Amino acid sequence: MTAYINQGSNDTRSGFGDGLTELGRTRPDVVALCADLIGSLKMQTFIDENPDRFFQVGIAEANMMGIAAGLTIGGKIPFTGTFANFSTGRVYDQIRQSIAYSGKNVKICASHAGITLGEDGATHQILEDIGLMKMLPGMTVINPCDYNQTKAATIASATLPGCTVCMSGNPSAVCTTPSTNWRAMPPVSLFMP
């Protein structure tokens, strides 16, 4: 039986930011795009180290997905970042048409997933995000449970073919998984095509 040890608490969105930073140091083909939420998605270190590989698109999530799809044509691996409601629901048409059906290698960070953004109200919450993304062809959906899984999944997603959506939350959560191979770390929820 696996023993889970409390390693302290950290938010999963920091796992995304730290994973993205590590990718920036090791993968020159990785670029990042953000919809005006650099601080919330913990992307600042990546930006400081790779200013020429970062695109701030502002509050224009649909444009961000279109730009990300276009960057794949030039061999880049774009990581997009915004709140889950805006990175899955608001831009569903762009993901469906320009990314999923076109087989583009876009990596989507859906931060503040579910109701973890409670203080901002229903307009910033989404419960159907996993269902929306999972029904698309070739889409891999990853729903990690803590900081360690989110960081490892972010790094690993750069090697997965096709589009990937990785969910992350806002509040701190207890870290109980090892900081190793994310596929070997239950209870990650992984839905692959």
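Every number here is computed from the coordinates shown, using simple stated rules; none is lab data. Being a predicted model, the structure only gives us computed values, none of them experimental. Reconstructed Cβ throughout: ideal geometry from the backbone, glycine too, with neighbour counts over all protein chains shown.
Some notes on this structure:
- Amide H contacts for D11 (H built 1.01 Å from N in the peptide plane; partners 5 or more residues away or on another chain; cut-off under 5 Å): A173.
- Hits among lysines - C-alpha to C-alpha of K151 under 17 Å, sequence gap 8 or more where chains match: K42, K107
- Between helix 147-157 and the chain there is an angle of about 40 degrees, using the helix long axis and the longest principal axis of the Cα atoms.
- Taking the average, over residues, of other Cβ atoms within 10 Å as the packing measure, peptides 76-89, 93-106 rank 76-89, 93-106 from highest down.
- For region 9-191, the average shadow cast by the Cα convex hull is 9.1 nm², which is a quarter of the hull's surface.
- Antiparallel DSSP beta bridges within the chain, percent to nearest 5: 25 percent
- For region 159-178 versus region 9-29, the spacing of their alpha-carbon centroids is 11 Å.
- Estimated [θ] at 222 nm from DSSP helical runs (n ≥ 4, -39500 (n - 2.57)) normalised by residues in the chain, nearest 500: -8000 deg cm²/dmol
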